[in-house]
Amino acid sequence: MIVWINGAFGAGKTQTAFELHRRIPHSFVFDPENAGFYIRRNVPDAVKQSDFQHYPMWRETNYGMLKYIAERYDGVVIVPMTVVHPPYFEEIAGRLRRDGIAVHHFALCASKDTLLRRLRSRGDGERSWAAQQIDRCIEGLRDETFRHHLETDGRSVQDAVERIAAFTKLELSPDERGVLRRRWDRLRTQWNHIRFFQ
């Protein structure tokens, strides 16, 4: 099973993905951005795209990787990735579904003010690349392709995790961490996923 967590930048995809990973013992977090960073570093400037999702090989690589993992790994594959262009999503998730692989998609949604506040909390200002993508992401995620919207305004990461688990019928392990340990885990996840370049 693949659980794809979509949403605008600042929606909480990474935090939700890793919280799911902590609470689903047999799970793996797959990051499609890694293929994008590889492609970006290995394409001549003269033919570079503004967004690595525009490269057909980014979509093909992630489809191939996810197919390989899903067919051989008997756990849950968690994919935190913003994709708001329906044809691109279909090239990856749609193909996987046609291959008979269960792909559950959830779009974490929040107001623009909430997204900007969350981005600021992680060091991204209103002029950052991530902030400039908010309107495009909010609009794109309205498409029926990205159904199963989870509103996150005023809700915790724990709430999103529990709603995803309930929908997919995944059993979560008990969360016996205290408040400080939960906070530490969130900070560690945030630090580990800071991108020093786009």
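The values are calculated or read from the model by the stated rules, or taken from the named source; none is laboratory data. Quantities reported herein were computed from a predicted structural model and do not represent experimental measurements. For neighbour counting, all protein chains shown are included, and Cβ atoms are generated from backbone atoms with ideal geometry for every residue, glycine included. The accessibility values were calculated without ligands, DNA or RNA, using every heavy atom of the protein model including side chains. Shrake-Rupley method; radii C 1.70, N 1.55, O 1.52, S 1.80 Å.
Assorted remarks:
- Total residues in region 25-48, condition out of contact with any helix residue (DSSP H, G or I) (no Cβ under 8 Å at 6 or more places or on another chain), within 30 Å of L150 (Cβ to Cβ) and not in a helix (DSSP H, G or I): 3
- Some residue of region 11-18 being of a type in the set (K, R), at pLDDT 95 or above, more than 19 Å from the chain's Cα centre (by Cα) and open to solvent by 20 Å² or more (accessible area, probe 1.4 Å): no
- Within region 55-88, the set of residues being open to solvent by less than 60 Å² (accessible area, probe 1.4 Å), of a type outside the set (V, I, T) and in a helix (DSSP H, G or I) comprises W58, R59, N62, Y63, G64, L66, K67, A70, P86, Y88.
- V79 meets all of the listed conditions (1) modelled with pLDDT under 95; (2) under 22 Å from R118 (Cβ atoms) but one, namely (1).
- G94 falls short on exactly one of the conditions (1) open to solvent by 50 Å² or more (accessible area, probe 1.4 Å); (2) part of a helix (DSSP H, G or I), and that condition is (1).
- Taken over region 148-158, the residue count meeting the criterion of being of a type outside the set (A, V, I, L, M, F, W, C), under 28 Å from E90 (Cα atoms) and open to solvent by 30 Å² or more (accessible area, probe 1.4 Å) is 4.
- In region 102-147, the residues that are of a type outside the set (G, A, S), surrounded by fewer than 14 Cβ atoms within 10 Å (Cβ to Cβ), farther than 19 Å from S50 by Cα and in contact with a helix residue (DSSP H, G or I) (Cβ under 9 Å, 6 or more places away or on another chain): E126, D143, E144
- In region 171-192, the residues that are within 22 Å of H26 (Cβ to Cβ) and open to solvent by 100 Å² or more (accessible area, probe 1.4 Å) form Cβ pairs under 8 Å with partners that are at pLDDT 75 or above and assigned to a helix (DSSP H, G or I), at six or more places apart or across chains, as follows: E171/A165.
- Pairing residues of region 131-148 that are in contact (Cβ under 8 Å) with a residue 12 or more places away in the chain and more than 13 Å from T82 (Cα to Cα) with residues that are of a type outside the set (S, T, Y) and open to solvent by 90 Å² or more (accessible area, probe 1.4 Å), at Cβ distances under 8 Å and at least 6 apart in sequence or on separate chains, gives H148/F167.
Table: residues versus (1) within 30 Å of Q132 (Cα to Cα); (2) touching a residue at least 60 places away in the same chain (Cβ under 8 Å); (3) of a type in the set (A, V, I, L, M, F, W, C).
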site	(1), (2), (3)
A8	yes, yes, yes
G36	yes, no, no
D51	yes, no, no
T61	yes, no, no
E90	yes, no, no
R98	no, no, no
I101	no, yes, yes
F106	yes, yes, yes
S111	yes, no, no
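- Residue count for region 132-152, restricted to those that are among the hydrophobic types (A, V, I, L, M, F, W, C) and modelled with pLDDT under 95: 0
- V79 falls short on exactly one of the conditions (1) in contact (Cβ under 8 Å) with a residue 60 or more places away in the chain; (2) out of contact with any helix residue (DSSP H, G or I) (no Cβ under 9 Å at 6 or more places or on another chain); (3) not small (G, A, S), and that condition is (2).
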